[in-house]
Amino acid sequence: LAFLLVYFSFCLLGSAQINLQDSTVQVVAYWNLGEKHKYSYLSQEYEVQGQDTIWGDSHSSAFTLEVLDSTANSYVVECRILEYENHCTDSLGQRVVDFVASITSDIPIRYQTNELGQFQDFVNWEEQCHVIDSIIPLVNDMMIEYMPELKAIPEDTLAMLKNVVTHMMSVLKNKSTMVASYKELFYPLYYHGAKLQLDKRYESAQKFSSPW
């Protein structure tokens, strides 16, 4: 599986150097306290079979990154998701992802970086885990509502299904999995810097393994 990552609407205030001769911009992740930028992200999953391309799941989001704290060797950054749109080939998966996103999108994600902007750790990790724990029973109820036929299956089978859902959601309480799940929030860090040409579209194809 490959993901097509498209970045646009870079909002570079005073932290970029523009070469007017060749229209390139040098971006380095040194921020000022209170600095805030908005990003848009698109992820498209597809499978190549011979000469055919089969399009699969996709999602897009818009979010802000704001510098809440700044020291000589670290930053605290807050991310807030403004918009989220998901398209799954599986209808139940679509409902689950939309349901979870509707609850979690209002919860800010705060994390700390080093002086170069490289991710180090989550700041409000306990809050994130609490949200995940509160979602698990809601997801189970939503699945039964969406699939009434589940009410007719034996209790032990339904309990096993709920345990599977609980396990899948609990995986998100692993920090590495959380970073992979919210990968778009960390791509803009680019602690090593990036040289981008104005008004040019940049794409990157990468592979990710499922945490489940």
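General observations
- In the stretch 32-53, the residues that are open to solvent by less than 60 Å² (accessible area, probe 1.4 Å) and more than 21 Å from the chain's Cα centre (by Cα): Gly34
- Inter-residue pairs, beta-carbon under 8 Å, first in a strand (DSSP E or B) and in the stretch 93-119, second at pLDDT below 80 and open to solvent by 40 Å² or more (accessible area, probe 1.4 Å), 6+ apart: Ile109/Tyr182; Thr113/Tyr191; Asn114/Tyr191
- Only residues that are of a type in the set (A, V, I, L, M, F, W, C), open to solvent by 20 Å² or more (accessible area, probe 1.4 Å) and at pLDDT 90 or above were counted across the stretch 83-114, and they come to 0.
- Answer residue from the stretch 60-72, given it is at pLDDT below 90 and of a type outside the set (A, V, I, L, M, F, W, C) and is nearest to Ile103 (Cα to Cα) among those: Ser61
- The conditions of being open to solvent by 40 Å² or more (accessible area, probe 1.4 Å), touching a strand residue (DSSP E or B) at 6+ places or on another chain (Cβ under 7 Å) and of a type in the set (A, V, I, L, M, F, W, C) are not met by Leu189.
- Hey, Gln17 assigned to a loop (DSSP other than H, G, I, E, B), open to solvent by 20 Å² or more (accessible area, probe 1.4 Å) and modelled with pLDDT under 80 or not: no
- Filtered residues of the stretch 70-82 (kept if hydroxyl-bearing (Ser, Thr, Tyr) and either open to solvent by less than 30 Å² (accessible area, probe 1.4 Å) or in contact with a helix residue (DSSP H, G or I) (Cβ under 8 Å, 6 or more places away or on another chain) (or both)): Ser74, Tyr75
- In the stretch 146-156, the residues that are surrounded by 11 or more Cβ atoms within 10 Å (Cβ to Cβ) and out of contact with any Lys or Arg (no Cβ under 7 Å at 6 or more places or on another chain): Met147, Leu150, Ile153
- In the stretch 115-140, residue surrounded by the most Cβ atoms within 10 Å (Cβ to Cβ) [restricted to those that are within 15 Å of Val77 (Cβ to Cβ) and charged (D, E, K, R)]: Glu115
The values are calculated or read from the model by the stated rules, or taken from the named source; none is laboratory data. Bear in mind the structure is a predicted one, so any value in this text is a computation, not a measurement. Cβ: placed from backbone, ideal geometry, glycine included. Neighbour counts: every protein chain shown. Keep in mind that these areas ignore ligands, DNA and RNA; they rest on the heavy atoms of the full protein, side chains included. Shrake-Rupley method; radii C 1.70, N 1.55, O 1.52, S 1.80 Å.
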